[in-house]
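Structure first, then comments.
The numbers here are math on the coordinates, done by the rules we state, and not lab data. What you see is a predicted model, and the numbers here were worked out from it, not measured in a lab. Don't worry about glycine lacking a Cβ; one is built from the backbone with ideal geometry, like all the others, and counts go over all protein chains shown.
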Amino acid sequence: TIGRYGLAVHITAGFGDVFFNGTFTLELEARHRDTLVRAGDMIAQVSFQEVTGTIVPYNGSYQGQTGPRGPKPLS
């Protein structure tokens, strides 16, 4: 698996917010200088879970994004 080659995916990468609409962007960390990721490599998985109780829909700054985007500057 690619994890053995030193590529780490952030621990929260497999979880999305309720009613998020947009493109997921994974935070990756190459722990070895020579780590290579190619298009089509399987590097993570996404989990889907049933939501119960009071639901607070996501309405954050990444709602509706298309394509990868870095964090917004702190104000």
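Overview of results
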item	result
Sites Tyr58 and Ile11 - FRET efficiency at Förster radius 22 Å, r taken between beta-carbons, to 0.05	0.75
Karplus 3J(HN,Hα) series, Hz, for the stretch 19-35 with 6.51 cos²θ - 1.76 cosθ + 1.60 (x for Gly, Pro)	6, 5, 10, x, 9, 6, 10, 8, 8, 10, 10, 8, 8, 10, 4, 9, 6
